Each structure stands twice: as structure tokens, then as C-alpha cells.
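A short worksheet on the structure shown next.
Read the figures in this text as sums done on the coordinates, not as results from a lab. Values in this document were obtained by computation on a predicted structure and should not be read as measured data. Methodologically, a virtual Cβ is constructed for each residue, glycine included, from the backbone with ideal geometry; neighbour enumeration extends over all protein chains shown.
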Ligand code: NAD
């Protein structure tokens, strides 16, 4: 195993993906056949977790990912469910318990946008985004917490009884004109995450968010596919590069592991500094 030495006496940090820091743990990732969800699945599997790949559409992509994950030597299956549908979510967790016995890690990733100016936004656009991005995360978190509380800590597996990672967004704190449904959903995720974390911490359950900035995925193609769009995007990113799904996947694997055991109820912004008010670098 390769090791890197950090600049502290007697501290040697192993390279995370090589120590199988999630070995024996069972993870469910929603909206996992594309973009960030796919990146998270691959990093969890590399770290040794068995994985459920939730998808709604795009069965072929889900099945291809199953084959890719199998190469990591872990157990994996794909399950079709709409995270905003209570019965489908319950069926997905039942199938997870049948196949894997339990669950240790939930990554609440499924999400979408339905953009429109506020005076043109339909109730359907509003409801669809809130139902998937916020209610969907609630429905999955509820089922996971039930199981975490029922099972408790199994010390050989993890020092925590369970971990939930909500995939939120920098738009939980940055207002976003033309996307009020999306920003409202992610703002809701932030306080839902913190409230669940406060409630279940005594059961040794950890609940956190990863809040990405601009990550190169199908959800935001128009923001990076042309040079003009990319250059424009860079005005918002002090670190001057777009994020990749691996940036999120690696952080999710670490956050789900015991390396992050004392992190609870917080949002980790992975955004190249997008939340640093870059306009103030030269103004203000
Ligand atoms: P994506 O479109 O590639 O992935 C979204 C996934 O969610 C897709 O697989 C989609 O099928 C799935 N999904 C949508 N509705 C669903 C439903 N009802 N049930 C189950 N699955 C459903 O986009 P992405 O960028 O990978 O987005 C993943 C998450 O990251 C979202 O929550 C998004 O809000 C968040 N996010 C993305 C960025 C970014 O820059 N890409 C930034 C901040 C936050």
C-alpha cells in the first residue's frame, strides 16, 4: 500500500481508496446512473462499499455502471425508483435490505432543474423540483434513519450507526435568479439536513451535505460546453476550473467513512471558491 506522509510528527495518512475504508458497508446512491451520482458510486465502490444504484430513467446507463462497479470486487445492483414517490422509495429500501441485509450509507443525490422566470414559472415546474430535490431527500432519509436506529452501531463495520450525505448545492446559500424553485429546494435541504442531524445525533447517526459549485455534468451542459460559456463561468470560480464528478465522489467516500466521524450537521462546499463572493476580489 502506498503511503503519503503529512507534515506532523508520527502521523502517516494512508491513501483513502487503497485502505478500503468502507469495506463491508452498504450504500445506496439516488440518481446514480449519471453525473455526480455515478462519480460517487464509483468512489464508494473503490473504497470497498457494496452499492445500490438508484435510477429513474436510463436503464442502460444503470446496467453499464453495474458492470463497471463489479470490477471493484463489491456487490452491486440497480433499482428503478422515483425518489419523489413514497411507495417506490419504500420498495427500494425493502429490496436493499433483502439483498444486503441493511444499509450504512445513503447518498441523497437525485435532483433536477425546471428553470423559468418567476412570473412565468408554472406550479408544475415548482412542484416537480420541490418534490424531487427536497421531498425525495426526505423520503429516502426517513427510511435510512429507521434502519440506522433499528440496527445501531456495529463496531466492526463503522463507529457510526449510519451516515446520510445530502447532495445540496452552493445555491442553498447563493440566491439564483430564474431558478427560484431550485434555490428554494436546496435552501430547504440545508435546514432539513441540519434538523435531522440534530435529531438523530444521539443515535450516533451522522448527517451532512456536500454542496457542489459548478460540476461538469449533463444538468448544466450549457454552462461549460462552449468556450464562451466556460470563460463566463470562470468569472464565478476563483480556482479557475470547473469541478469534475470525481471531486465530489472522493469527498463523499471520505465523508461517509470513519475518517470523518466527528463531522455532523454541516455543509461542505466543494466549489473552487464560488461561495467566496468572487466579485469582491476586485470590487467592493
Ligand atoms: P444529472 O442530471 O447528471 O444527475 C441527476 C440524476 O438524478 C439523474 O440520474 C436523474 O435521472 C436523476 N433523477 C432525477 N429525478 C429523479 C427522480 N425523481 N428519482 C430518481 N432519480 C432522479 O445532474 P448532476 O449534476 O449529476 O446532479 C446530481 C445532484 O447534484 C443534483 O441534486 C444536483 O442538484 C446537484 N448539483 C449539481 C451541480 C452541478 O454543477 N452539476 C451543482 C450543485 C448541485
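Give me the distance between the Cα centres of region 175-217 and region 20-84, rounded to whole Å. After rounding, the separation between the Cα centres reads 21 Å.
Working from Cα pairs under 8 Å separated by at least six residues, relative contact order for the chain is 18 percent. Given the options 252, 27, 223, state which has the largest fluctuation in a GNM of the chain using a 10 Å cut-off (strictly under) for Cα springs. Highest fluctuation of the listed residues: 223. If a/c stays under 1.5 just call it rounded; otherwise compare a/b with b/c (prolate if a/b is bigger, oblate if not). Do that for region 218-284, with a ≥ b ≥ c from the square roots of the Cα gyration tensor eigenvalues. Cα axes put region 218-284 in the oblate bin. Note on the chain: GNM, Cα springs under 10 Å; of 61, 110, 78, the largest mean-square fluctuation is that of 61. For 282, 122, 135, the sequence from fewest to most other C-beta atoms within 10 Å is 282, 122, 135. Note on the chain: antiparallel DSSP beta bridges, both residues inside, total approximately 10 percent of the bridges counted. In terms of other Cβ atoms within 10 Å, 44, 63 run from fewest to most in the order 63, 44. GNM remark for the chain: springs join alpha carbons under 10 Å apart, and the peak mean-square fluctuation among 247, 231, 258 falls on 231. Among rounded, prolate and oblate, which fits region 135-284 when a ≥ b ≥ c are the square roots of the eigenvalues of its C-alpha gyration tensor, a/c under 1.5 means rounded, and a/b larger than b/c means prolate? Prolate, because a/c is 1.5 or more and a/b exceeds b/c.
Taking every C-alpha pair closer than 8 Å and separated by at least 6 residues, the mean separation divided by the residue count of region 167-236 gives a relative contact order of 30 percent. When the helices of the chain are scored as -39500 (n - 2.57) per DSSP H run of n ≥ 4 and the total is divided over every residue, the value at 222 nm lands at -11500 deg cm²/dmol.
With each label modelled as a point 7 angstrom along the Cα→C-beta vector, the residue 199-residue 226 pair spans 4.6 nm. Here, the chain is characterised by an Rg to Rh ratio of 0.97, where Rg is the alpha-carbon radius of gyration and Rh the Kirkwood radius. Spacing of the modelled spin labels on residue 258 and residue 87, each 7 Å from Cα toward Cβ, amounts to 4.2 nm. Taking every alpha-carbon pair under 8 Å whose residues sit at least 6 apart, region 56-173 reaches a relative contact order of 27 percent. Inter-label distance, residue 155 to residue 128: 5.1 nm, where each label sits 7 Å from its Cα along the C-beta direction. Put in order of Cβ neighbour count within 10 Å, fewest first, the listed residues 221, 266 become 221, 266.
Here region 33-139 is described by how far its Cα atoms reach on the three principal axes: 51, 24, 22 Å, from widest to narrowest.
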